[in-house]
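A quick write-up on the structure given underneath.
The values are calculated or read from the model by the stated rules, or taken from the named source; none is laboratory data. Source: prediction; values computed, not measured. A quick note on method: Cβ atoms are made from the backbone with ideal geometry, for glycine too, and the neighbour counts reach across all protein chains shown. All accessible areas refer to the heavy atoms of the entire protein, side chains included, with ligands and DNA or RNA removed. Shrake-Rupley method; radii C 1.70, N 1.55, O 1.52, S 1.80 Å.
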Amino acid sequence: MKFYIETYGCQMNIYDSEIICSILLKSGFIKTSNLKKADIILLNTCSIREKPEKKIFNRFLKIKCFKKTNKKLKLGIVGCLATHYKKKLFEKFKFIDLIVGPDSYKKLPEMINKLKNNNKEIDVSLANKERYTKIIPNRGRNGISAFLSIIRGCDKMCTFCIVPYSRGREKSRNPNSILKECKLLYKKGYKEIILLGQNVDAYFWKKMKFFQLLELIAKTVPLMRIRFLTSYPSNITKNLLKVVKKYSNICKHFHLPLQSGSTRILSLMRRKYTVEEFLLIIKRIKKILPDCSISSDIMTGFCTETQADHRETIRIMNLIKFNFSFMFKYSSRQGTYAYRKLKDNVPNSLKISRLNEIIMLQKSHSFYRLKQNIGKIQEVLIEGISKKDEKYYYGRNSNNDIIVFPKNKSKIGSYKKVKIINSTFTTLIGEIIP
Ligand code: SAM
């Protein structure tokens, strides 16, 4: 039986798709990258915001058409939309055959086999503390950089966020299994590991905290680059910063969601820091790691956000000048505290205009930060051929900036010293130092 999988959403979903592929391949299923040849199509979905959700619903309808020409074709919805809507998805989209949540992927082979009798199958339980410890993901990316999930779910209960409900509560993974997988990745020729977690720095196993795990990994695979995301601001400790500084193979980059520059809004969001505390955290990072880059997530139009709150966000962005940010307009998600208890009272047009304003501002900050690299020589891990010009490679520096440069007989997967000679709004341009 051939399966085709399409992934939406964050890195965690990409990782989960790799887990799903591994489980299905081990049970004798065959992976196809041609949707038309598939017996079952799996959509690994995201429910974090309304916009990606709408996109996925439109995709459902497209796939419904394929079912008309291939009567035996099955459609399975896995991931966050499965746990968010549960069996309501069957009611809304009658052509869906299978619904499976993020903790039940091991049951997929058995559930898919049962579909042959035209059954509908569903498992959206989040109670089993599943960590997929023993499953080595079938990594379908570039063979250079590998995602590795160290903690699943989230305990933070931010009032806007669906994650604790769609992915369950926090569960850290046994460090021995993490280290074993790091060694395996090194043996397979991977050059970089990206440690994943909704709040990666909330990792906790018996007495082991995130900074201790990070140090162990850095020592275990000293020739590999280590990245990690997402960091929760108030979990950043001095110990963590010291470890990041001590090991040259740990990349100097934090992804640190601010969400809003107004303490009033942060408190409504149930974030565990004030704006002043966030600024202190940035100060602490820059003191210990002056060349560290910081990226963020920022939202506009959260419940009751006033123009004054928005101006505060602008002020804080101007103070910090993030290297990069993902920016969103708030969308109310059913099941969250904000959906039940707060007023989603900022008009959509205002959410959008505020969003456009911060996008423009971030663009200027990213450009400002990128330009600071000009003239510097940086170590770049070559990840692939530039999409714009095949005579160029692209890669990343420790700060997670993308750099393009002439190939100059180098190889994908190698580290090169690159001199930065110019910058666009999004990308650095360099040349390899012979
Ligand atoms: N765990 C991280 C944290 O909150 O610190 C990030 C989790 S989430 C996968 C990624 C981002 O999506 C969030 O940081 C937030 O900016 C955005 N987001 C989450 N819920 C949202 C909502 N209801 N509307 C708009 N953006 C949202």
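Table for the structure above
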| item | result |
| --- | --- |
| Distance violations [Cα-Cα > 22 Å] among Lys87/Lys116; Lys64/Lys86; Lys106/Lys219; Lys134/Lys238; Lys2/Lys72; Lys180/Lys219 | Lys106/Lys219; Lys134/Lys238 |
| Segment Ser125-Thr424, length gained on full extension (0.36 nm per residue, minus Cα span) | 103.0 nm |
| Glu6 paired with Lys72, simple spin-label distance in nm, labels 7 Å along Cα-to-beta-carbon | 2.2 nm |
| Extension reserve of the Ile385-Ile433 stretch, reckoned as 0.36 nm per residue once the Cα distance is removed | 15.5 nm |
| Counting DSSP beta bridges with both ends in segment 117-236, the antiparallel % (nearest 5) | 30 percent |
| Overall dimensions of segment 303-434 by Cα: Rg and Dmax, Å | 19.8, 61 |
| Convex hull per residue volume in Å³, alpha carbons only, for segment 120-171 | 153 Å³ |
| Where labels lie 7 Å past Cα in the beta-carbon direction, separation of Thr304 and Gln212 in nm | 4.1 nm |
| Unit Cα scatterers, Debye sum, the chain: log10 I(q)/I(0) for q = 0.07, 0.11, 0.13 Å⁻¹ | -0.36, -0.94, -1.30 |
| Amide H within-cut-off set for Asp297, under 5 Å, with H built and near neighbours excluded | Leu256, Leu258, Gln259, Phe326 |
| Backbone HN-Hα couplings from phi across segment 329-338 [Karplus 6.51/-1.76/1.60, Hz, Gly and Pro as x] | 8, 5, 10, 5, 10, 3, x, 7, 4, 4 |
| Per-residue HN-Hα couplings for segment 121-126 [Karplus 6.51, -1.76, 1.60; θ = phi - 60°; Hz; x = Gly/Pro] | 10, 9, 8, 10, 5, 10 |
| Counting DSSP beta bridges with both ends in the chain, the antiparallel % (nearest 5) | 35 percent |
| Local electrostatic count at Ile402 - Lys and Arg +1, Asp and Glu -1, tallied over other residues with Cβ under 13 Å | +2 |
| Accessible-area composition of segment 159-219, carbon plus sulfur, in percent [1.4 Å probe] | 56 percent |
| Positive minus negative residues near Leu258 (Lys, Arg vs Asp, Glu; Cβ under 10 Å) | 0 |
| Spin-label pair Lys51/Lys409, simplified geometry with 7 Å Cα→Cβ offset, distance in nm | 4.6 nm |
| For the chain, Cys with no neighbouring Cys Cβ under 4.7 Å | Cys10, Cys21, Cys46, Cys65, Cys80, Cys154, Cys182, Cys251, Cys292, Cys303 |
| Protection-proxy order for peptides 233-241, 87-95, each taking the mean of Cβ atoms within 10 Å per residue, highest first | 233-241, 87-95 |
| Under Karplus coefficients 6.51, -1.76 and 1.60, residue-wise ³J(HN,Hα) of segment 191-196 in Hz, glycine/proline x | 10, 9, 10, 10, 6, 10 |
| Length released on extending from Arg311 to Asp155, taking residue separation times 0.36 nm less the Cα-Cα span | 53.2 nm |
| Helix-only [θ]222 nm of the chain, DSSP H runs n ≥ 4, -39500 (n - 2.57) each, per residue, nearest 500 | -10500 deg cm²/dmol |
| Tensor-based shape of segment 1-88 (alpha-carbon gyration tensor, a/c under 1.5 rounded, otherwise prolate or oblate) | oblate |
| Net charge of neighbours whose Cβ lies under 14 Å from the Cβ of Pro347, counting Lys and Arg as +1 and Asp and Glu as -1 | +2 |
| Within segment 41-56, backbone nitrogen closer than 16 Å to the virtual label 7 Å beyond the Cα of Lys62 toward Cβ | 41-46, 52-56 |
